[in-house]
Amino acid sequence: MLKQDVIRVIKRRFHLPKPSETWRNAPKEKAECVVIGAGIVGLAVARELSLKGKEVLVLDSAPTFGTATSSRNSEVIHAGIYYPSNSLKARFCVRGRKLLYHYCSQRGIPHSQIGKLIVATGTSEIPKLNQLFNRGVQNGVENLRMLDASEAIKMEPELHCVKALLSPASGILDSHSLMLSLVGEAETNGATFSYNTAVIGGHLEGNQMVLHVCETKTLTNWDGNTPLQLDLLLMPKIVVNSSGLSAPTLAKRFHGLNTAVIPPAYYARGSYFILSNANSTRHPPFKHLIYPVPEEGGLGVHVTLDLDGQLKFGPDVEWIPHVPDTTNFLNKFDYSVSADRVARFYPEIRKYYPNLKDGSLIPGYAGIRPKLHGPEQSACDFVIQGEDIHGVGGLVNLFGIESPGLTSSMAIAEYVAALLLGG
């Protein structure tokens with residue numbers, strides 16, 4: 001976890017030394033392709049580039065792959081209903097879902113196409129449900145069907161709703177097994193993974209991005225006052241900034257890159273609570289994913305099952321107002337789940353699950369979503385910037401890869417490879 005956050009703190013509180021003072025003594029090495037970030041999208045990109053015959057080096061400041069957003073989500077394969085037509089989210093979600101189901105089937109990765117019900121619990125929500133149906137059809141989502149209350153309750157007897165949208169294409173998967181498979185396949189094709197390795201910035205030499213690299217422990221132990229000594233200047237032909245939560249912050253530390261094209265970063269914590277009833281795993285109250293009509297900042301507190309039958313509810317939306325660079329680059333976010341938040345969960349869940357008993361929810365886990373919009377602002381699309389946007393050859397920045405990032409991962413990888421290699 002890069003102390004780029006520290007670098008940003010320094011930028012605000014101290015005088016940053018001129019680049020030549022901090023870079024000149026570091027050894028230089030060349031590389032063909034560098035992927036920054038070993039989350040699900042970075043792994044998919046590394047696999048795709050390695051399959052194209054490229055020599056890929058993946059750098060991550062964490063001790064292993066997938067330690068942030070990729071391991072703290074709902075593990076849902078989305079169909080592609082929610083997103084504006086022709087948006088990157090819509091295109092990549094629909095394409096990525098098909099790629100993901102095929103990949104999981106071919107490689108024995110645990111998954112299940114259990115389907116989803118998006119439910120209107122009051123008549124005022126029916127127009128929004130109709131809009132979602134029409135949008136899903138426009139996006140190319142197959143087999144969507146509107147259900148009246150009796151049809152939905154026949155499928156899910158514990159459900160309360162006045163109308164529902166059935167999405168048979170939605171499902172769940174084991175995200176860790178998926179990431180493990182992507183790592184293995186990338187390595188088989190010659191990719192190298194270097195963990196505990198932080199990219200804390202970069203600079204342009206000509207039209208080539210030179211990366212500033214140090215060990216995570218160096219960054220962690222930095223006092224914030226003395227110049228940070230780099231361990232390496234890495235000179236790749238191709239750079240993919242897929243660092244997730246820290247992607248915008250890192251891009252702003254690429255000296256020479258036009259910062260005007262880098263979108264602002266916002267962060268939202270989402271907490272999950274688990275159904276604790278003794279029989280909830282053997283006899284869960286729901287067999288499908290159950291989603292309310294979407295809310296501001298997210299898809300609402302929904303029902304997700306894992307492959308063992310464990311039921312969980314979430315995530316909610318808790319905006320994080322100020323994120324220091326240290327928190328960002330070293331992934332020092334607060335991932336604890338406050339038991340007090342459960343008071344907000346019960347009334348939301350009981351709108352569609354009225355039989356939920358008091359005391360049956362226990363804290364589960366939390367994740368942080370990398371957003372490009374703040375509270376009460378319109379939702380943003382994925383932002384993928386290549387040379388045509390920022391003018392730097394061989395550099396692709398990925399910003400705001402939140403949900404449906406997992407579902408979209410293999411489609412994003414295809415797109416990034418085509419952007420860099422043509423085709």
So if I check each of T220, T226, T197, T216, which one is within 24 Å of A417 (Cα to Cα) and β-branched (V, I, T)?
T197
So V137, is it of a type in the set (A, V, I, L, M), open to solvent by 50 Å² or more (accessible area, probe 1.4 Å) and touching a strand residue (DSSP E or B) at 6+ places or on another chain (Cβ under 6 Å)
no
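Hey, among R107, R97, which residue is open to solvent by 60 Å² or more (accessible area, probe 1.4 Å), at pLDDT 95 or above and in contact with a helix residue (DSSP H, G or I) (Cβ under 6 Å, 6 or more places away or on another chain)? Let's see the steps before the verdict.
On the way: R97 fails: open to solvent by 60 Å² or more (accessible area, probe 1.4 Å).
Going through R107, R97 in turn, the sole match is R107.
Do we find a residue being within 28 Å of V416 (Cβ to Cβ), part of a strand (DSSP E or B) and either in contact with a helix residue (DSSP H, G or I) (Cβ under 6 Å, 6 or more places away or on another chain) or not charged (D, E, K, R) (or both) anywhere in region 158-165?
Step one: of region 158-165, the residues within 28 Å of V416 (Cβ to Cβ) are none.
No.
Rundown of residues vs (1) in the same structural domain as V56 (by the TED database); (2) in contact with a Lys or Arg (Cβ under 6 Å, 6 or more places away or on another chain), yes/no style:
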{"position": "T121", "(1), (2)": "no, yes"}
{"position": "E125", "(1), (2)": "no, no"}
{"position": "F133", "(1), (2)": "no, no"}
{"position": "G136", "(1), (2)": "no, no"}
{"position": "N196", "(1), (2)": "yes, no"}
{"position": "G206", "(1), (2)": "yes, no"}
For L233: the one exception among (1) modelled with pLDDT under 95; (2) in the same structural domain as G42 (by the TED database):
(1)
Do we find a residue being part of a loop (DSSP other than H, G, I, E, B), open to solvent by 10 Å² or more (accessible area, probe 1.4 Å), under 19 Å from A251 (Cβ atoms) and out of contact with any strand residue (DSSP E or B) (no Cβ under 6 Å at 6 or more places or on another chain) anywhere in region 382-390?
no
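Those residues that are in contact (Cβ under 8 Å) with a residue 12 or more places away in the chain and either outside the structural domain of I290 (by the TED database) or surrounded by fewer than 17 Cβ atoms within 10 Å (Cβ to Cβ) (or both), I need them from region 319-340; list them, please. If you could, list the steps in order and put the result at the bottom.
First, pick out the residues of region 319-340 that are in contact (Cβ under 8 Å) with a residue 12 or more places away in the chain: 319-320, 323-339.
Passing the criteria: W319, I320, P324, K332, D334, Y335, S336, S338, A339.
Before we move on, is E32 at pLDDT 95 or above, open to solvent by 70 Å² or more (accessible area, probe 1.4 Å) and assigned by the TED database to the domain that holds G405? Quick ask: steps written out before the conclusion?
Details: at pLDDT 95 or above: yes; open to solvent by 70 Å² or more (accessible area, probe 1.4 Å): no; assigned by the TED database to the domain that holds G405: yes.
So E32 fails the test.
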Does V416 qualify as being more than 11 Å from S242 (Cα to Cα), among the β-branched types (V, I, T), more than 14 Å from the chain's Cα centre (by Cα) and open to solvent by less than 20 Å² (accessible area, probe 1.4 Å)?
no
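Going by what's in this entry, would K128 be described as closer than 19 Å to G300 by Cβ, part of a helix (DSSP H, G or I) and open to solvent by 60 Å² or more (accessible area, probe 1.4 Å)?
On the way: closer than 19 Å to G300 by Cβ: yes; part of a helix (DSSP H, G or I): yes; open to solvent by 60 Å² or more (accessible area, probe 1.4 Å): yes.
When the stated conditions are applied, K128 passes them.
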Name the single residue, out of those in region 223-236 being in contact with a strand residue (DSSP E or B) (Cβ under 9 Å, 6 or more places away or on another chain) and over 23 Å from V383 (Cβ atoms), that is most open to solvent (accessible area, probe 1.4 Å).
Q229
May I ask you to list the residues in region 109-128 that are among the hydrophobic types (A, V, I, L, M, F, W, C) and more than 12 Å from C161 (Cα to Cα)?
I109, I114
Output for region 260-275, where each listed residue is touching a Pro at 6+ places or on another chain (Cβ under 6 Å) and outside any strand (DSSP E or B):
I262, A265
Checking K116 against (1) crowded, with 18+ Cβ neighbours inside 10 Å; (2) at pLDDT below 95: exactly one of these is not met. Which one?
(2)
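The values are calculated or read from the model by the stated rules, or taken from the named source; none is laboratory data. Predicted model only: the values in this text are computed from it and were never measured. Heads up, the Cβs are rebuilt from the backbone with ideal geometry, glycines too, and the neighbour counts pull from every protein chain shown. All accessible areas refer to the heavy atoms of the entire protein, side chains included, with ligands and DNA or RNA removed. Shrake-Rupley method; radii C 1.70, N 1.55, O 1.52, S 1.80 Å.
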